[in-house]
Structure formats: structure tokens, C-alpha cells
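**Q** To start, I am sharing the structure in question, which I have written as C-alpha cells.
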């Protein structure tokens, strides 16, 4: 029998004829059989079985689910420190005034931005005092990160969202050049984010104080631990401490890490996949690529380099072969991935 995927334990039918855990995935060895995550069944005689934990992130990793093209889309990020516990919808289910949270979310959506709650890793006592906020513009060529300590979170209502999305000064904060990594740790949204995200955030924050924060839901918990790197808005999945350190170091030097990258939030899924494909094809790791939609259709885009080079990229949405839960406790369902079907240099003129 070949070794089981990371996070799995092997079970032999001779010892355990019935596999009773409804949310476990039972994956036969590579020499035969099929599997269906989330389905309980009896194992056949003589065939070793790998029993995978039911957590969505473990299942996704075992299936080697593609991550590219799964980043949340946002031209800007508004990150507000809010200690204490968070509910499933943290903006309206925490110790932040829910009316304020709802209004911030409404304004951000109109500006194609996203609001996250952040907190310092560790114990979550809600103590009075100034609240840290980070304001990030993510568009290529116009990235900007501002930091501000707010006397009251209501001050964010004075934020010029149009200026933020355009990468202009907001008048609220001051520019900081130190990149920030936000690690999703919203346990009420998905258990994987807490079980995998919180320890990682704590370990990295101990080494890089002030640069690593826990954050509320960013999407894609099945790729936990997940993180958003500011100011660029590149989003990552299946993070570990080594990759977290590398992201912060490379971002400080103006470089982009494509490893385990889900995409840049400034782009839609097709644009995210296209940009990463060009990076792989060219080895480019500087923040010098921009993506433009193609009038020929939503599955086509042009990736342009600051030096004038350009590539035409065609993408497609493909159904993945196995059903899987999108989050812990969810019923397994069909899944898709955005993939590149054609990439070629654009002809000048």
C-alpha cells in the first residue's frame, strides 16, 4: 500500500469492516476503486483504505484541489481591529456596533472594497483604547497601505473610499512600507480557519510583531490556513510558517511569490489565473503585471508587463472529478476550477 496523503490514517478492512464516520472520505488505494468524499460505506476484502479526516481543508489538500483563481475580489481592503469573539458574520456579530459594521460593509461593497475585522493573535480580551486600522489599495501600479490608530471605529465613516480604491491618500492614515499578512481565524465561520489559522498567526506574530494579524472571513476556508498579503492583495492558501516568512520578506523587497497563491484580489478569477500563468511562464516576480479584460469574451484577457510586453490568455471553468464540501459540515457538492487553455505572446500593433 502506498503512503496515505498528509493528515490521513490508514485503515485495513480486516480490522475495521465498517467505517462509520459519516463525514469521512474513504479513499481506496491507487490500485482500484472510486471514492466519494462524505459517503460512508463498507470496505471490500483485501483492499486497504485511507480514512481522511472530515475537515474541509484536509479533504481539499488530499484531493490536490487547485487554488488559483479562488481569491476574493476587492480593489481595496479596510481592516479594523476588533478584539473579542467574532460570530459567523463578524461585522455584525462581534462587539463592534452592528449598525456600524453593516454600514461599513454597504459602503465598501459600493466601492468594490472589502471590510475585515482584525485582532492581535493570542488571547482576545476586549480592552478599551485606540483601534488599529489598515487601509490598502491593491491595483497594480497603484498599491498603497495606510495605517491609522482610531480613537473610535466610527472614524472610518469619514474614509474617502474612492481615493482609497484609486491608490490616493485618504486623509485618514499615514503610509507604511511594512507589508502586513492577515491570517483567517474566524472559527464561527469555519473550524479549519481556527484550528489551522490561529496557531500559524500566533507563531508568525511572535517573530514579526505588528505585521501578522488574525482576521475575519476571507473566503476559501477549505484552503486553510489562508492569508491576505497587503498592500498587494495577493491571497494564499495552505500556508505554513516558512511560506509566511517568505511572503513578508519578498513583499518588503517588492517581489511577488507565486507559490500557493490563490490570486490577486484586484482581478476576477480569470484574471487571477491568467496573471499567475504568465508569472510561471516568464519567471517574473516583480509587481509589474496588469490584467485587462478582453472584448472578445469573459474567458479572455490580456496580461501586460510594464516594459510593454503582453500576453493573450484564454481560460475555462472546468468541473473537478470529485465532489467535496466547500466548508466543514457542508454537504459534498460539485466543484470547479478556472484553468488556462491558451497563453501566447500578443503581437504588437
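**Q** Taking the stated definitions as given, is residue 247 farther than 21 Å from residue 64 by Cβ, crowded, with 16+ Cβ neighbours inside 10 Å and in the same structural domain as residue 198 (by TED's automatic domain parsing)?
**A** The answer is yes for residue 247.
**Q** Please count how many residues of the range 95-126 are part of a loop (DSSP other than H, G, I, E, B), under 22 Å from the mean Cα position of the chain (by Cα) and without any contact (Cβ under 8 Å) to a residue 40 or more places away in the chain.
**A** Here the count works out to 0.
**Q** Here's something else I'd like to know. All but one of (1) in a loop (DSSP other than H, G, I, E, B); (2) touching a helix residue (DSSP H, G or I) at 6+ places or on another chain (Cβ under 8 Å) hold for residue 85, so report the exception by its number.
**A** Failing condition for residue 85: (2).
**Q** Next question. So, in the range 218-242, how many residues would count as being part of a helix (DSSP H, G or I) and either closer than 26 Å to residue 142 by Cβ or in contact with a helix residue (DSSP H, G or I) (Cβ under 7 Å, 6 or more places away or on another chain) (or both)?
**A** Here the count works out to 4.
**Q** Could you check the range 195-205 and list, in sequence order, the residues that are within 14 Å of the chain's Cα centre (by Cα) and free of Cβ contacts under 8 Å to residues at least 60 places away in the same chain?
**A** 197
**Q** Does residue 85 satisfy the condition of being surrounded by fewer than 14 Cβ atoms within 10 Å (Cβ to Cβ), at negative phi and out of contact with any strand residue (DSSP E or B) (no Cβ under 8 Å at 6 or more places or on another chain)?
**A** No: the conditions fail for residue 85.
**Q** Does residue 208 count as under 28 Å from residue 70 (Cβ atoms) and either touching a helix residue (DSSP H, G or I) at 6+ places or on another chain (Cβ under 8 Å) or touching a residue at least 60 places away in the same chain (Cβ under 8 Å) (or both)? Lay out the reasoning, then the answer.
**A** On the way: under 28 Å from residue 70 (Cβ atoms): yes; either touching a helix residue (DSSP H, G or I) at 6+ places or on another chain (Cβ under 8 Å) or touching a residue at least 60 places away in the same chain (Cβ under 8 Å) (or both): yes.
So residue 208 passes the test.
**Q** Of the residues that sit in the range 149-187 and are in a strand (DSSP E or B) and within 22 Å of residue 214 (Cβ to Cβ), which one is modelled with the lowest pLDDT? I'd like the intermediate steps shown before the answer.
**A** Going through the range 149-187, the residues in a strand (DSSP E or B) turn out to be 149-150, 174-175, 180-184.
From what is left, the residues that are within 22 Å of residue 214 (Cβ to Cβ) are 149-150, 180-184.
Numbers: 149: 97, 150: 97, 180: 98, 181: 98, 182: 98, 183: 97, 184: 92.
Only one residue fits best here, namely 184.
**Q** Inspect the range 218-226 for any residue being closer than 21 Å to residue 146 by Cα, within 12 Å of the chain's Cα centre (by Cα) and at pLDDT below 95 and give the result as yes or no.
**A** yes
The values are calculated or read from the model by the stated rules, or taken from the named source; none is laboratory data. Since the model is a prediction, treat every value here as computed from it, not as a measurement. Reconstructed Cβ throughout: ideal geometry from the backbone, glycine too, with neighbour counts over all protein chains shown.
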